């Protein structure tokens with residue numbers, strides 16, 4: 001916060017206006033929900049090991065805010081001191097996608113659209129196709145690719161012009177609690193933006209506590225009735241991600257940690273790649289999806305090995321998640337699904353992987369139907385070209401494995417009854 005004060009000042013102004021409109025503010029329902037959540041987290045911190053990790057993440061957030069408000073740039077013209085609510089809203093850049101839909105301002109265009117959709121709904125299956133309603137969460141493309149000798153993973157972030165820059169690639173290196181011994185050094189490197197504690201893109205590479213790479217693409221909730229499952233007694237996505245990164249030693253454990261008191265906001269498909277398991281039949285790729293009230297985590301190593309790739313492009317995969325969210329577009333029928341299916345076989349080195357992740361031929365590729373939203377790296381005309389993060393590892397056996405499945409339905413939180 002202290003070192004990036006100028007960048008945070010500029011970025012926060014852009015974030016706030018692009019999120020709430022010129023002169024706009026979050027409505028009372030959103031503010032109330034965020035305040036209730038903050039009080040819940042404050043009350044629960046340090047009640048057990050999980051909550052101590054949550055406390056660590058929130059302490060980093062508070063430290064960044066203190067550093068920002070105490071920076072020398074605070075004496076310069078144009079500096080805007082930020083309140084705790086301002087800072088919380090900044091961290092919620094991803095979670096706000098769903099909070100603003102769950103608690104719409106009826107005077108805004110989004111609120112009016114949500115009201116119209118709600119009045120039209122007669123069953124969980126009467127929804128427009130993906131990307132036909134709104135592009136508010138169509139944020140990323142990702143690809144995991146196996147070749148005969150290497151593993152490649154790439155991620156494109158889509159964002160608005162106002163919040164696309166400046167980007168900051170961050171690395172945190174801190175000891176974290178270990179229930180079985182002394183603290184362990186946790187190193188987490190991720191693409192991010194000024195003021196963010198988490199990535200929000202999201203793209204992480206972890207060492208020390210694990211050898212995980214964590215990537216997500218965002219999914220839309222089309223059935224607004226799903227938001228009835230939201231509760232302020234939960235942990236927002238940005239914080240749960242950092243907690244899971246700290247606590248998990250493998251993909252299955254990451255899914256377990258991430259599912260704790262999940263908020264049902266910033267509902268994504270998460271790809272958890274274990275770089276330490278490239279020679280194993282299980283655990284190389286775990287795919288985790290969230291919807292309000294439901295988490296689904298499954299080992300997809302077998303499918304990755306049999307197909308040679310996994311593409312992710314803002315469409316929910318698991319049937320139970322799709323039913324809750326009201327998703328109607330077939331996972332393998334999406335335009336980017338077809339593009340990845342056609343191009344992935346050309347990947348054999350970093351140059352070819354970079355080409356696929358930067359592919360932007362929507363005017364000529366029939367899969368894109370002439371729409372720039374339907375290409376791997378090009379969102380709608382109001383969005384910027386993406387960043388691409390690529391990392392190769394090496395060597396794996398080409399043998400399938402049966403999937404391991406964890407489906408977790410959320411219930412009212414009980415952790416408050418536990419003691420350390």
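Laboratory data are not the source of any read-out in this text; all were calculated from the coordinates shown. Keep in mind it's a predicted model, so treat the numbers as computed, not measured. Cβ placement follows ideal geometry from the backbone for every residue including glycine, while neighbour counts extend to all protein chains displayed.
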*Using label points projected 7 Å from each Cα along Cα→Cβ, tell me how many nm separate residue 32 and residue 187, to one decimal.*
4.8 nm
*Pairwise label distance in nanometres, residue 52 with residue 173, each label 7 Å out on the Cα-Cβ vector*: 2.4 nm
*Can you bin the stretch 143-186 into rounded, prolate or oblate? Criterion: square roots of the alpha carbon gyration tensor eigenvalues sorted a ≥ b ≥ c, rounded for a/c under 1.5, prolate for a/b above b/c, oblate for the rest.*
oblate
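Under the √(5λ) rule applied to the eigenvalues of the Cα gyration tensor, what semi-axes describe the equivalent ellipsoid of the stretch 231-305? Give them in Å, descending. All intermediate terms of the calculation are to be shown ahead of the outcome.
Details: eigenvalues 112, 32, 13 Å².
For the stretch 231-305, the ellipsoid semi-axes come out as 24, 13, 8 Å.
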*Sort the stretch 1-82 into rounded, prolate or oblate with this rule: let a ≥ b ≥ c be the square roots of the eigenvalues of the Cα gyration tensor; rounded if a/c is under 1.5, and if a/c is not under 1.5, prolate when a/b is larger than b/c, oblate otherwise.*
oblate
*Label-point separation (nm) for residue 42 and residue 346, each offset 7 Å from Cα along Cα-to-Cβ?*
5.5 nm
*Across the stretch 133-244, how large is the tail of the calculated P(r) beyond 16 Å, expressed as a percent of all Cα pairs?*
70 percent
*Ranking of 153, 33 by count of other Cβ atoms within 10 Å, fewest first*: 33, 153
*What's the extension gain from residue 280 to residue 62 if we count 0.36 nm per residue and subtract their Cα-Cα distance?*
74.4 nm
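If R0 is 51 Å, what FRET efficiency do you get for residue 22 and residue 180 from their C-beta distance, rounded to 0.05?
Numbers: r = 53 Å, r/R0 = 1.03.
After rounding to 0.05, the efficiency reads 0.45.
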*asked:* Below 8 Å between Cα atoms, with a sequence gap of 6+, how large is the relative contact order for the stretch 1-106 in percent?
replied: 44 percent
_Applying a 10 Å radius around every beta-carbon, put 95-105, 297-307, 164-174, 69-79 in order of their mean neighbour count, most first._
95-105, 297-307, 164-174, 69-79
*Taking neighbour Cβ counts within 10 Å as the exposure measure, how do 53, 155 sort from fewest upward?*
53, 155
*If a/c stays under 1.5 just call it rounded; otherwise compare a/b with b/c (prolate if a/b is bigger, oblate if not). Do that for the stretch 175-215, with a ≥ b ≥ c from the square roots of the Cα gyration tensor eigenvalues.*
prolate
*Net lengthening on full extension, residue 13/residue 85 (0.36 nm per residue, minus Cα-Cα)*: 24.5 nm
